[in-house]
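Here's the structure we're looking at; comments come further down.
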Amino acid sequence: FYVHHSGAVYNSGGSYGSISDVSLKENIVDANSQWDDIKNIKVRNFNFKESTGQETYTQIGVIAQEVEEILPQVVHTSDDEMQTKSVDYGKLCAVLIEAVKELKKEVEELKGR
């Protein structure tokens, strides 16, 4: 495990995780429909500005401010004076899982007709 000067984290397993143990949670209920939110998120190609110290090659992702308008619960704003926004892709992945399940159900219903 090491942290790159850009802030990226690397490990030999190529994975990381978030605490998700049921023993640490309460008030667990199924999420509402996620499809309407997901379909409104724009995926963008971009380059980081050289002044950020990030890699400047063309990348793909989302823009935190745009996602925040749709799913504020997956966006974090730093506590420093810059108030930089970041997207929690782990939480966004959970939303995507639910949206895929909704689409699968709809496809199966259409196939049944």
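Observations on the model:
- Solvent-free Debye calculation, one equal scatterer per alpha-carbon of the chain: log10 I(q)/I(0) at 0.15 Å⁻¹ equals -0.92.
- Sorting ASP37, ASP30 by accessible area puts them as ASP30, ASP37; the probe is 1.4 Å, largest comes first, and only protein heavy atoms count.
- Convex hull of Cα atoms in segment 62-113, direction-averaged projection (nm²): 4.2 nm²
- Ordered by 1.4 Å accessible area with all protein chains kept, LEU103, LEU92, LEU24, LEU110 run largest first as LEU24, LEU110, LEU103, LEU92.
- Whichever lysines have a C-alpha closer than 17 Å to that of LYS91, once near sequence neighbours (fewer than 8 apart) are set aside: LYS25, LYS39, LYS42, LYS101
- Packing, taken as the mean count of other beta carbons within 10 Å per residue, orders the peptides 58-69, 79-90 from highest to lowest as 58-69, 79-90.
- Taking all protein chains together, SER33, SER51 sort by accessible area into SER51, SER33, largest first [probe 1.4 Å].
The values are calculated or read from the model by the stated rules, or taken from the named source; none is laboratory data. Keep in mind that this is a model prediction, so the values were computed, not measured. Don't worry about glycine lacking a Cβ; one is built from the backbone with ideal geometry, like all the others, and counts go over all protein chains shown. Heads up: the accessible areas ignore ligands, DNA and RNA and are worked out on the full protein's heavy atoms, side chains in. Shrake-Rupley method; radii C 1.70, N 1.55, O 1.52, S 1.80 Å.
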